[in-house]
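Trainee: Handing you this structure, nothing more for now.
The values are calculated or read from the model by the stated rules, or taken from the named source; none is laboratory data. Because the structure is predicted, anything quoted here is derived from the model rather than measured. Glycine also receives a Cβ, built like all others from the backbone with ideal geometry; neighbour counts cover every protein chain displayed. Each accessible area value is taken on the protein alone, full model and side chains, heavy atoms only, with ligands, DNA and RNA left out. Shrake-Rupley method; radii C 1.70, N 1.55, O 1.52, S 1.80 Å.
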Amino acid sequence: MKLTTKQKILYVLKKDHDITMNKIMKHFTISEIAVRKHIHKLEQQGFIRKHTHKQDIGRPYYTYSLTEKGHKTFPNQDGNLALQLLQDLEGLQGSQAVTDLLSKRMEREKNSFHEKIKNKKLDEKISRIACMQNEKGYMTEVKKSEDGTYEIIYYNCPVASIANSYNEICKNDKRVFEELFSDCEVLSRSLITKGDPHCRWTIKKRTKDDLR
C-alpha cells in the first residue's frame with residue numbers, strides 16, 4: 001500500500017524514534033520545504049512534537065518524535081475493552097485465571113508459528129515469523145550480523161496497553177521464541193513496555209562450546 005507523505009512521516013518517526021530533519025529527508029525524494037509543511041501540520045494536529053537541543057557552540061538543532069496521539073495512529077489489537085475484560089476476570093476469579101488465559105494465548109501463538117516454520121532452516125524461520133508479526137502490526141525488522149546472530153525488532157507493539165498491565169505477555173513471548181528456537185540462545189535486549197523505543201530480540205545459534 002502506498003503511503004501519503006504524512007503517513008510516511010509518521011512511519012519514519014515510529015521506526016526511528018527521535019530524529020533530525022536531515023535523517024527524515026533520507027526517506028523522501030520531494031523537497032525539504034514540502035516535507036516541512038507536512039511536519040508543521042502534523043505538529044499542529046498533535047501527532048508529532050519538535051524538540052530543541054541547545055549546543056555550547058552554534059545554533060540549536062531540532063529533532064522530531066511522535067506524541068501519544070501519533071503512536072495511536074498505528075495498528076492496535078487491544079484497546080481498552082480487552083484490558084478491562086482481563087481486569088474483570090482477575091476481579092472475579094483471581095490473578096491465576098488471567099495467567100491461565102494468557103498461557104492459552106501463548107500456546108495458540110506458538111502453534112501458529114510452528115505450523116509455518118516446521119522443517120525450515122533458521123534463516124527462513126526468522127523470516128517467516130517476522131512476516132507473521134508484521135501482518136499483526138508489529139512493524140518488524142530483521143537484522144543479521146556477521147557472526148550469524150539475528151535481531152528481530154518490533155517498532156510497534158499492538159498489545160502494549162495489556163502488556164503494560166500484565167507483563168506475562170512479554171515473558172510468554174520469550175518462552176515462545178525459546179521453544180521455537182530451542183537450539184539457540186534467545187535474549188530480550190529492550191522492550192517497549194519498559195519505556196524503550198522498540199522491542200529487540202537477539203537469537204543466536206548455540207555452538208558446541210555453549211552446549212558443554
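Trainee: Counting only residues that are open to solvent by less than 30 Å² (accessible area, probe 1.4 Å) and among the aromatic types (Phe, Trp, Tyr), how many does the range 41-69 have? Before you say what the answer is, go through the steps one by one.
Mentor: Within the range 41-69, the first condition is being open to solvent by less than 30 Å² (accessible area, probe 1.4 Å), and the residues that meet it are 42, 46, 48, 63-67.
Narrowing the set further to residues that are among the aromatic types (Phe, Trp, Tyr) leaves 64.
Of the residues in the range 41-69, 1 are open to solvent by less than 30 Å² (accessible area, probe 1.4 Å) and among the aromatic types (Phe, Trp, Tyr).
Trainee: Quick one: count up the residues across the range 106-140 that are of a type outside the set (A, V, I, L, M) and closer than 19 Å to Ile153 by Cβ. Steps first, answer last, please.
Mentor: Quick first cut of the range 106-140, residues of a type outside the set (A, V, I, L, M) only: 107-116, 118-121, 123-125, 127-128, 131, 133-138, 140.
Checking the rest, the ones that are also closer than 19 Å to Ile153 by Cβ come to 109, 113, 123-125, 127-128, 131, 133-138, 140.
Counting residues in the range 106-140 that are of a type outside the set (A, V, I, L, M) and closer than 19 Å to Ile153 by Cβ gives 15.
Trainee: Restricting the range 170-182 to residues that are in contact (Cβ under 8 Å) with a residue 40 or more places away in the chain and surrounded by fewer than 19 Cβ atoms within 10 Å (Cβ to Cβ), which is nearest to the chain's Cα centre (by Cα)?
Mentor: Ranking the candidates gives Arg175 first.
Trainee: Only residues that are open to solvent by 60 Å² or more (accessible area, probe 1.4 Å) and more than 15 Å from Leu13 (Cα to Cα): list them for the range 26-40, please.
Mentor: Passing the criteria: Thr29, Ile30, Ser31, Glu32, Ile33, Lys37.
Trainee: Oh, and also: If you go through the range 140-155 one residue at a time, do you hit one that is closer than 30 Å to Glu90 by Cα and either within 12 Å of the chain's Cα centre (by Cα) or aliphatic (A, V, I, L, M) (or both)?
Mentor: Start the filter on the range 140-155 by keeping residues that are closer than 30 Å to Glu90 by Cα, which leaves 154-155.
Filter once more, keeping what is either within 12 Å of the chain's Cα centre (by Cα) or aliphatic (A, V, I, L, M) (or both): 154-155.
The answer is yes; a qualifying residue exists.
Trainee: Applying the selection to the range 172-188, what residues are in a strand (DSSP E or B) and not aliphatic (A, V, I, L, M)? Outline the logic, then answer.
Mentor: Keep residues of the range 172-188 that are in a strand (DSSP E or B), which gives 184-188.
Those that are in a strand (DSSP E or B) and not aliphatic (A, V, I, L, M): Cys184, Glu185, Ser188.
Trainee: Starting from residues that are open to solvent by less than 50 Å² (accessible area, probe 1.4 Å) and either assigned to a strand (DSSP E or B) or in contact (Cβ under 8 Å) with a residue 40 or more places away in the chain (or both), keep the ones in the range 189-199 and report whichever is nearest to Val12 (Cα to Cα). Walk me through it before giving the result.
Mentor: Of the range 189-199, the ones open to solvent by less than 50 Å² (accessible area, probe 1.4 Å) are 190-193, 198-199.
Then keep just the ones that are either assigned to a strand (DSSP E or B) or in contact (Cβ under 8 Å) with a residue 40 or more places away in the chain (or both); that gives 190, 198-199.
Details: Ser190: 20, His198: 13, Cys199: 16 Å.
Residue satisfying both the conditions and the ranking: His198.
Trainee: Can you go through Thr73, Thr67, Thr63 and tell me which one is at pLDDT 95 or above and of a type outside the set (Gly, Ala, Ser)?
Mentor: Answer to the check: Thr63.
Trainee: I've got another one for you. Output the residues belonging to the range 17-28 that are assigned to a helix (DSSP H, G or I) and within 15 Å of Pro197 (Cβ to Cβ). Step through it out loud before you land on a result.
Mentor: Filtering the range 17-28 down to residues assigned to a helix (DSSP H, G or I) leaves 21-25.
Hit for the range 17-28 is Lys23, nothing else.
Trainee: How many residues are over 23 Å from Thr140 (Cβ atoms) and surrounded by 12 or more Cβ atoms within 10 Å (Cβ to Cβ) when one looks only at the range 70-81?
Mentor: Step one: of the range 70-81, the residues over 23 Å from Thr140 (Cβ atoms) are 80-81.
Subset that is surrounded by 12 or more Cβ atoms within 10 Å (Cβ to Cβ): none.
Of the residues in the range 70-81, 0 are over 23 Å from Thr140 (Cβ atoms) and surrounded by 12 or more Cβ atoms within 10 Å (Cβ to Cβ).
Trainee: For Met139, are the conditions met, namely being touching an Asp or Glu at 6+ places or on another chain (Cβ under 6 Å) and either at pLDDT 95 or above or closer than 14 Å to Leu13 by Cβ (or both)?
Mentor: On the way: touching an Asp or Glu at 6+ places or on another chain (Cβ under 6 Å): no; either at pLDDT 95 or above or closer than 14 Å to Leu13 by Cβ (or both): yes.
No, not satisfied.
Per-residue answers, yes or no, for (1) β-branched (Val, Ile, Thr); (2) under 23 Å from the mean Cα position of the chain (by Cα); (3) within 28 Å of Thr140 (Cβ to Cβ); (4) not in a loop (DSSP other than H, G, I, E, B):
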{"position": "Ile9", "(1), (2), (3), (4)": "yes, yes, yes, yes"}
{"position": "Lys15", "(1), (2), (3), (4)": "no, yes, yes, yes"}
{"position": "Ile30", "(1), (2), (3), (4)": "yes, no, yes, no"}
{"position": "Val35", "(1), (2), (3), (4)": "yes, no, yes, yes"}
{"position": "His40", "(1), (2), (3), (4)": "no, no, no, yes"}
{"position": "Arg59", "(1), (2), (3), (4)": "no, no, no, no"}
{"position": "Thr63", "(1), (2), (3), (4)": "yes, yes, yes, yes"}
